[in-house]
Amino acid sequence: MASKSINSLSRRSLLSLGAAATAGILSRPASAQARLATKARIVIVGAGAAGLASASRLVQRLDGAAITLIDARKAHFYQPGFTLVAAGLKPKDYAISQTRDYIPAGATLIEDSVAAFEPEQNRVKTTGGQTIPYDFLIVATGLQLDYGAISGMETGLIGKNGIGSVYAGPEAAEATWREMARFTDTGGVGLFHRPDTEMKCAGAPLKYAFITDDRLRRAGTRGKTELIYAAQNKALFSVPIVSEKVRMLFQDRNVRMVHDHVMTAIDPGRKIATFRTPAGSQEIRYDFVNVIPPMRAPKAVRESALAWQTGAFAADGWMEVDMKTLRHKRFPNVFGVGDVAGVPKGKTAASVKWQVPVAVDHLVASLSGGTSSEAYNGYTSCPLITRIGRAMLVEFDYENNLTPSFPGIIAPLEELWISWVMKEIALKPTYLAMLRGQA
Amino acid sequence: MKQLDPMVFVVVFQEMLGPLFWPLIAFILVGALALLVVLIRDGGVHSRRLIRAELIGLLGGFAAVALMMWVTASSPGDLLGGPIDWLLTIAIWVAGVIGATMVAYVGLSLIVRDNSDHSRAFRR
Ligand SMILES: Cc1cc2nc3c(=O)[nH]c(=O)nc-3n(C[C@H](O)[C@H](O)[C@H](O)COP(=O)(O)OP(=O)(O)OC[C@H]3O[C@@H](n4cnc5c(N)ncnc54)[C@H](O)[C@@H]3O)c2cc1C
């Protein structure tokens, strides 16, 4: 009797473990269905995380469709790896692979970039001069880093004179590590900030402040440094409960926080960054800075009819899609997935994993003349590294709810080794499996 | 839609281990098979050999934890983040102990095969 109840108990906890795993990062969002025969022409612009995952899923769902990916970039970047490269834990090659290696059989890649979207005519025009018509379009161009919007800043400065920038690419991430390593010898003022635009992986600026703090402590030079985090508004993170936790951690690590600071200019010679604040322009001197530029939709999207025309997302040209279905609000045969989508949250690779199956399901339903009930809830995830060896597995949705993948097992707001282990060894394999439509 | 699919774990492990995936699976299968063969050959568990294997296995547990720490650039203090971290550490250690014990048992059995008379003398 006793052993039976123990048995059923452990079975139940096993089942709930299984249920937990279905919710989040390790589960497979859509089950395999019979392939739909179609001759539809589907064009996917951008072969990054969202574009490749979309192509893989479409190939699985459709039989006979002409699926074309358009992207001029030959290299594929595993961008969440940039943080580890800039922490001095991985070589830059960790984040670099080849786009071609992920193109599923049944899809073709055009190595060109789209210069103009013409949704009224159901076609795109490439820089190389091709006009490509489509029946359905998936826009997955990611976003554009606008370094030029910070006066005095350009990517050529990264890795010199105390300037780092984790975002600009694998080389920049490695150059940032070199500058940070130098800073851990000399000490001084370390300056961290974020832009006041939408941004991908909003946890990344915080992570890098924590990692630098840890590196300084390990080097024994934390005593002769001051770390400053300049937030763009009154919060440190868009999810209030996470923001408050980060505030406590920054206080614990002796990171000085200033608010309502938006970087407008940088003077590499004098090592001074200028911020727009409610009290006017403020200067902060630095010895090391992690510059994170404003982010916008790529020019071709921004300047097209696909962009939001009014509202908060219009200024930076994010795509006007429905936040649940990712279908364009005015052009129903167009979808926007990944960073380019003009939705309140979701600019992470983990979000892509949940957005793509939803958009694909709606597209396939349209092809078969049916409807889909799939909806994206804003799932966004960001393993917030708080020191090398510890992280918080922060997952949330549109409503600022925490949506832990392993409720009751992995606490989202605790600095845990298990969360770090997942970031270190499980996220890249999961990401690659996602590109192949297998996760 | 959202149902548990064990294939995802297999796929993720495959991506994680890359070219090591299939050799590792083969090693595990061959190891398990070898253990079975040895057990059948000897007509049971050789207790003295098992104790030796277990001693080696204990070391294997520590080696597994050390390997995990090395792969993830972690330090000992990181393992104490919370109860789930202790459990993870113990799980890695136990997996290391079991794996190393099995390998050691098979290894010892193969080494002492030639003078099986001698080994039989110790059997209880
Ligand atoms: C430093 C850093 C840390 C991060 N950390 C995490 C993390 O811990 N967890 C997480 O989940 N996510 C993280 N991310 C975010 C994640 O990498 C992105 O959200 C994800 O890559 C978005 O995928 P995407 O396909 O929308 O864009 P991308 O992967 O950037 O791909 C966009 C593609 O579109 C192409 N393209 C652009 N314009 C055009 C055009 N006009 N024509 C044709 N092609 C075009 C580009 O060449 C590119 O290949 C991080 C990102 C950075 C930079």
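Here are a few things to note about the model shown:
- Test: residue in the stretch A:372-382 that is modelled with pLDDT of 95 or more, more than 20 Å from the chain's Cα centre (by Cα) and more than 9 Å from chain B (Cβ to nearest Cβ): yes
- Answer from A:357, A:332 - the residue that is without any contact (Cβ under 8 Å) to a residue 40 or more places away in the chain and closer than 27 Å to residue A:40 by Cβ: A:332
- In the condition set (1) away from every other protein chain (no Cβ under 14 Å); (2) under 30 Å from residue A:374 (Cβ atoms); (3) not small (Gly, Ala, Ser), residue B:14 is compliant with all but (1).
- Output for the stretch A:410-432, where each listed residue is at the interface with chain B (Cβ under 7 Å from one of its Cβ atoms), out of contact with any Lys or Arg (no Cβ under 9 Å at 6 or more places or on another chain) and of a type in the set (A, V, I, L, M, F, W, C): A:410, A:411, A:418, A:421, A:425, A:426, A:432
- Scanning the stretch A:394-409 for residues that are open to solvent by less than 10 Å² (accessible area, probe 1.4 Å) and within 11 Å of chain B (Cβ to nearest Cβ) yields nothing.
- Residue within the stretch A:261-277 that is of a type in the set (Phe, Trp, Tyr) and within 21 Å of residue A:382 (Cβ to Cβ) present: no
- One residue stands out among those in the stretch B:1-49 that are of a type in the set (Val, Ile, Thr) and open to solvent by 100 Å² or more (accessible area, probe 1.4 Å): the one that is farthest from residue B:112 (Cα to Cα), which is B:28.
- Single match in A:45, A:59 (criterion: β-branched (Val, Ile, Thr), touching a residue at least 40 places away in the same chain (Cβ under 8 Å) and within 11 Å of the ligand (Cβ to nearest atom)): A:45
- The condition (being away from the ligand (no atom under 14 Å from the Cβ) and of a type in the set (D, E, K, R)) is satisfied by just one residue among A:198, A:171, A:179: A:179.
- For the stretch A:98-110, residues that are surrounded by 13 or more Cβ atoms within 10 Å (Cβ to Cβ) and within 12 Å of the ligand (Cβ to nearest atom) total 4.
- Residue list for the stretch A:225-237, restricted to those being outside any strand (DSSP E or B) and buried (at least 17 other Cβ atoms within 10 Å of the Cβ): A:231, A:232, A:236, A:237
- The one condition from (1) near the ligand (Cβ under 8 Å from one of its atoms); (2) in contact with a Pro (Cβ under 8 Å, 6 or more places away or on another chain); (3) closer than 17 Å to residue A:362 by Cα that residue A:50 does not meet is (2).
- Condition met for residue B:64 (on the phi > 0 side of the Ramachandran plot and either loosely packed, with under 15 Cβ neighbours inside 10 Å or within 14 Å of chain A (Cβ to nearest Cβ) (or both)): no
- Meets criteria (within 14 Å of chain B (Cβ to nearest Cβ), away from the ligand (no atom under 14 Å from the Cβ) and modelled with pLDDT of 95 or more) for residue A:81: no
- Assessment of the stretch B:69-91 against the conditions (away from chain A (no Cβ under 14 Å), under 17 Å from the mean Cα position of the chain (by Cα) and either closer than 16 Å to residue B:110 by Cβ or surrounded by 15 or more Cβ atoms within 10 Å (Cβ to Cβ) (or both)) yields no matching residue.
- Put simply, of A:421, A:321 the only residue that is within 27 Å of residue A:252 (Cα to Cα) and without any contact (Cβ under 8 Å) to a residue 24 or more places away in the chain is A:421.
- Considering residues of the stretch A:43-97 that are open to solvent by 20 Å² or more (accessible area, probe 1.4 Å), in a helix (DSSP H, G or I) and out of contact with any Gly (no Cβ under 7 Å at 6 or more places or on another chain) only, the residue nearest to residue A:382 (Cα to Cα): A:80
- Restricting the stretch A:115-151 to residues that are open to solvent by 50 Å² or more (accessible area, probe 1.4 Å), over 19 Å from residue A:328 (Cα atoms) and of a type in the set (S, T, N, Q), the residue that is farthest from the ligand (Cβ to nearest atom): A:151
The values are calculated or read from the model by the stated rules, or taken from the named source; none is laboratory data. Quantities reported herein were computed from a predicted structural model and do not represent experimental measurements. Glycine gets a Cβ as well: all are built from the backbone with ideal geometry, and neighbour counts include every protein chain shown. For accessibility, only protein heavy atoms count, side chains too; no ligands or nucleic acids. Shrake-Rupley method; radii C 1.70, N 1.55, O 1.52, S 1.80 Å.
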